[in-house]
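Written out below as structure tokens is the structure these notes cover.
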Amino acid sequence: MNKSQQDKWDYAAGFYDLLEGFGPERRWRPYKQKLYSKMNGKILFLAVGTGLDILSFPPDQDITGIDISPKMLEKAQPRVDAYAGNMTTQQMDVHELEFADDSFDQVFTACTFCSVPDPVKGLIELRRVLKPDGTLNMFEHTGSFTFPFNVMLNFMNPAVKSIGPEINRNTVANVKAAGFKIEKVSHVFLDIVKTIEAKAP
Ligand SMILES: C[S@@+](CC[C@H](N)C(=O)[O-])C[C@H]1O[C@@H](n2cnc3c(N)ncnc32)[C@H](O)[C@@H]1O
């Protein structure tokens, strides 16, 4: 378990809803709802955070949620309890998943692979716990290939990275590098905020 990563997110848990719970989450909610409407079977959700995503989950699903931060999971618990389906959470680092191979039909991620320190390693772990033909469904922000946003994001990244996430990652390339087959990429805001659908071989 990466202790500095855990401490950083434990600290953020105190103000995360104030920062993200109103503008950003409300703006992304319709896109998240569309992605989560594909939920079916045994689902792993990375990362629960304060549970804002739970408000967009369809009912009656079987969901195991994980997060590296116990403080985030503590904040999320009332939303987990209120979910109209079967949902449990566990503290876990995506780099070292404690699940057996082929445990899940689907994996969903939201706004996480900007801050996972070794994204390809984390994605390889997600592929390991997915059943063959299982699907990876991501809502993530990434770098851009569009001028001037690519220049701006690359310029700002070192400063932003020192206090929070990386804002210029090529998550689609990372998903491919982890051995997934990309099925669909849909842009939500420019080519920066996107949904990625991929399949485990
Ligand atoms: C930006 S928040 C997103 C939370 C939530 N999905 C949302 O959209 O509101 C990123 C989350 O990823 C979690 N996280 C960061 N690194 C992680 C890791 N290595 N393993 C598991 N969770 C991690 C953090 O604790 C935090 O809750």
Next item on the list: Among residues belonging to the stretch 1-23 that are under 16 Å from Pro165 (Cβ atoms) and loosely packed, with under 14 Cβ neighbours inside 10 Å, point out the one that is farthest from the ligand (Cβ to nearest atom).
Entry: Phe15
Checklist line | Members of the stretch 111-138 that are assigned to a strand (DSSP E or B), more than 25 Å from Pro158 (Cβ to Cβ) and either in contact with a helix residue (DSSP H, G or I) (Cβ under 9 Å, 6 or more places away or on another chain) or acidic (Asp, Glu) (or both) | finding: Asp133, Gly134, Leu136, Asn137
Notebook entry, point to check: What are the residues in the stretch 30-48 that are in contact (Cβ under 8 Å) with a residue 60 or more places away in the chain and surrounded by 17 or more Cβ atoms within 10 Å (Cβ to Cβ), if any?
Noted result: Tyr31, Lys32, Leu35, Tyr36, Met39, Ile43, Leu44, Phe45, Leu46, Ala47
Notebook entry, point to check: Which ones in the stretch 159-187 are of a type in the set (Lys, Arg) and assigned to a strand (DSSP E or B)?
Noted result: Lys181, Lys184
Check: Just a yes or no: is a residue in the stretch 88-100 more than 12 Å from the ligand (Cβ to nearest atom), under 20 Å from Asn137 (Cα atoms) and part of a strand (DSSP E or B)?
Finding: yes
Next item on the list: Could you list all residues from the stretch 18-51 that are closer than 17 Å to Phe113 by Cα and touching an Asp or Glu at 6+ places or on another chain (Cβ under 6 Å)?
Entry: Ala47, Val48, Thr50
Notebook entry, point to check: Out of curiosity, is Ile182 free of Cβ contacts under 8 Å to residues at least 24 places away in the same chain, more than 16 Å from the chain's Cα centre (by Cα) and under 24 Å from Leu52 (Cβ atoms)?
Noted result: no
Next item on the list: Tell me which of these Thr135 doesn't satisfy, since it passes every other one: (1) within 15 Å of the ligand (Cβ to nearest atom); (2) touching a Lys or Arg at 6+ places or on another chain (Cβ under 6 Å); (3) of a type outside the set (A, V, I, L, M, F, W, C).
Entry: (1)
Notebook entry, point to check: Among the candidates Ile43, Ile54, which residue alone is touching a Lys or Arg at 6+ places or on another chain (Cβ under 6 Å) and modelled with pLDDT of 90 or more?
Noted result: Ile54
Margin query: With the requirement that a residue be buried (at least 20 other Cβ atoms within 10 Å of the Cβ) and touching a residue at least 60 places away in the same chain (Cβ under 8 Å), what does the stretch 65-74 give you?
Written below: Ile68, Ser69, Met72
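The values are calculated or read from the model by the stated rules, or taken from the named source; none is laboratory data. Every value quoted in this text rests on a predicted model; they were computed, and no experiment measured them. Reconstructed Cβ throughout: ideal geometry from the backbone, glycine too, with neighbour counts over all protein chains shown.
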